[in-house]
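Trainee: Here's a structure for you.
The values are calculated or read from the model by the stated rules, or taken from the named source; none is laboratory data. Predicted, not measured: the structure shown is a model, and the values here were computed from it. Because the Cβ atoms are built from the backbone with ideal geometry, glycine has one as well, and the counts that use them run over all protein chains shown. Remember, those area values only see protein heavy atoms, side chains included, never the ligands or the DNA or RNA. Shrake-Rupley method; radii C 1.70, N 1.55, O 1.52, S 1.80 Å.
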Amino acid sequence: MPLLAGAIGFALAGGASIGRADHPGPAFPDGPPLARTGGFGEQTCHACHFDGEENAAGGSLTISGLPQGYVPGQTYRITIALQRGAMQAGGFQLAARVKDGPSAGKQAGTLRTTDDRVQVKAAPSGVQYASHTRPGIQLTTAGRVEWTVEWTAPDPAAGEVVFHAAGTSANKDDSPLGDFIYTTMQSSRPR
């Protein structure tokens, strides 16, 4: 995977290069490569933003809007929020998968966008990944960026569903250094 050099600094195969002349690597603020949530053995954004430890003090990544018990076929509005005081831009990726059993790691329900700040792409495995878009890297308030997605619960129920997310608090210096990676996990069981 190439080193990053962009506003949010995510590498995405097939994207256009917007790197600086003194740091010529490709830059991809249009979304991370698929499978960077940290769940089910995946890497996180730390694979490309490798300066510092994940989940460092001073920041957080949260998922809100998920019910403890989901109703099969019902749609829920989920908010992913990344906070860090000196953050200049932010990015994320989230997946919803079956937690256990023979379908463990497979897509659970359906993810959909609610605005142009988020995109949803499916991997060859069928797992959907929601992530930021270019407009979505912009902070919503100082030191905070939020994204909203809709999740329609599986129908029939698929057992416990686990949501893994990873986020990048970026400093916009066009390098893979000085950014902070945060991860979180939340789950919901059928009622």
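Trainee: Go through 105-112, 54-61 and give me the packing order, highest mean Cβ count within 10 Å leading.
Mentor: 105-112, 54-61
Trainee: What's the carbon and sulfur percent of segment 88-191's accessible surface, probe 1.4 angstrom, rounded to a whole number?
Mentor: In segment 88-191, the share of accessible area belonging to carbon and sulfur is 49 percent.
Trainee: Ser187's amide H: which non-local residues (gap 5+, or another chain) put their own amide H closer than 5 Å, with H modeled 1.01 Å from N in plane and none for Pro or chain starts?
Mentor: Phe163
Trainee: I need the peptides 29-42, 160-173 ranked by packing, meaning the mean over residues of other C-beta atoms within 10 angstrom, with the highest value on top.
Mentor: Ranking the peptides 29-42, 160-173 by packing returns 160-173, 29-42.
Trainee: Answer rounded, prolate or oblate for segment 69-191, using the Cα gyration tensor with square roots of eigenvalues a ≥ b ≥ c: rounded when a/c is under 1.5, else prolate when a/b is larger than b/c, else oblate.
Mentor: Prolate, since a/c reaches 1.5 and a/b exceeds b/c.
Trainee: Continuing with this model, one more query. Determine the per residue accessible area of segment 63-191 with all protein chains present and a 1.4 angstrom probe, expressed in square angstrom.
Mentor: That works out to 41 Å² per residue.
Trainee: Name the long-range amide H neighbours of Thr133: under 5 Å, sequence gap of 5 or more, or other chain; modelled H, no Pro or chain starts.
Mentor: Val118, Gln119
Trainee: Follow-up. So if I take the centroid of the Cα atoms in segment 136-191 and the same for segment 31-106, what is the distance between those two points in Å?
Mentor: 4 Å
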